[in-house]
Structure formats: C-alpha cells, structure tokens
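See below for the structure under consideration.
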Amino acid sequence: MTRRTEQRSALRQALQEANRPLSAKELLRVARGVVAGLGIATVYRNIKILADEGWLVPVIIPGEPVRYEVAGKAHHHHFHCRLCDRVFDIPGCALGADRIPAGFELDEHEVVLYGKCADCTYKDAT
C-alpha cells in the first residue's frame, strides 16, 4: 500500500477538476497552485504510482507528450486542439462492431480528432 501525500492529492485533484487528459507539465502547473515548490520529478514519480495503482491511465496522441486521465471512464475518444494543444474527451464511440470486417477480431482502438476547441474557435472569431 502506498501512502497518501500532499503532492499526490494535489495531482488527483488536478486531474479530477480538469475532467480532461493532462500532460505532466499541465499537471505540474495546476498542482503547484496547491503545493508550492512541486517539481517535475515528483510529478512523474507520482504519475507512475497512480498508474501502478490503476487510478490513472495514459492517453497517447501520436507525436505529442503523453497525457493522463482518471481510469475507469466509459469508452471514449479524444479531441486534440491544434492551437492551444489541450486534449479533450469525446464521449461515446462511432465505431460499432458492425464496422469490423468479417473474420477480424478487434482488441481495442483509439480515435483522435484534430481541430480547434471551442475556446480557440471563439478567440479566432473575435
């Protein structure tokens, strides 16, 4: 059993409140608001602990730093904003089992959508 620390609690809080995948740098920035002096090595160490515990999972976006999100969410995909570099959850899935060719056996899949998030679209319009 691992002990709870103020740093780990701050990371958990940051991930829960963000409600979207966060990179280690994003986690550091947010969690420093709770724990001043928090360092990137501590963030990575606690990411590993939280992942080993099964509390968080990595989100892989090709060509980007790994993001992390709280484990246990229903199946979903991700949207990567090319302007602000944030990643958002897209609930549900448009790929049903009927889309898989006969004789194929699907283990898992990941779909990443790219574009501008609502905040960046609004900023461009003003």
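The values are calculated or read from the model by the stated rules, or taken from the named source; none is laboratory data. On a predicted model such as this, the values are computed, not experimentally measured, just so you know. Ideal geometry is used to build each Cβ from the backbone, glycine not excepted, and the neighbour counts take in all protein chains shown. Only protein heavy atoms, including side chains, enter the accessible area calculation; ligands, DNA and RNA are left aside. Shrake-Rupley method; radii C 1.70, N 1.55, O 1.52, S 1.80 Å.
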Options (i) 14; (ii) 31; (iii) 25 are given for percent of Cα pairs over 26 Å apart, and the computed one is (ii)
Sequence of Tyr68, Tyr122, Tyr44, Tyr114 from largest to smallest accessible area, 1.4 Å probe
Tyr122, Tyr44, Tyr114, Tyr68
Could the peptides 56-64, 78-86 be put in order, highest first, of the mean number of other beta-carbon atoms found within 10 Å of their residues?
78-86, 56-64
Using only alpha carbon pairs under 8 Å that are at least six residues apart, calculate the relative contact order of the chain and give it in whole percent.
20
Heavy-atom accessible area per residue - the chain, 1.4 Å, Å²
65
Beta bridges by DSSP in the chain, antiparallel share as percent, to the nearest 5
75
Could you derive backbone 3J(HN,Hα) for the stretch 113-126 from the dihedral phi with the Karplus parameters 6.51, -1.76 and 1.60 (θ = phi - 60°), listing whole Hz in sequence and x where the residue is Gly or Pro?
9, 10, x, 10, 6, 4, 4, 6, 5, 4, 4, 5, 7, 9
Note the angle between two axes, namely the Cα long axis of helix 6-18 and the longest principal axis of the Cα atoms of the chain, as a number of degrees from 0 to 90, rounded to the nearest 10.
40
Under 23 Å between C-alpha atoms is the cut-off here; go through the chain and count lysine pairs that meet it, provided they're at least eight residues apart or on different chains.
4
Using only the alpha-carbon atoms, what does the stretch 76-120 span along each of its principal axes? Please give whole angstrom values in decreasing order.
42, 14, 13
Rounded to the nearest 10 Å², the 1.4 Å probe accessible area of Glu17 is 130
Considering only protein heavy atoms and a probe of 1.4 Å, how much of the accessible area of the stretch 55-126 is carbon and sulfur, as a whole percent?
58
Measuring from centroid to centroid over Cα atoms, what is the spacing of the stretch 55-123 and the stretch 19-49 in Å?
22
Separation of the Glu108 and Val70 label points, Cα + 7 Å toward Cβ, nm:
2.0
Let's test the formula: R0 of 25 Å, r as the Cβ-Cβ distance of Asn19 and Ala41. What FRET efficiency results, to the nearest 0.05?
0.45
How large is the helix-only mean residue ellipticity at 222 nm for the chain, computed as the sum of -39500 (n - 2.57) over DSSP H runs with n ≥ 4, divided by its residue count, in deg cm²/dmol to the nearest 500?
-10000 deg cm²/dmol
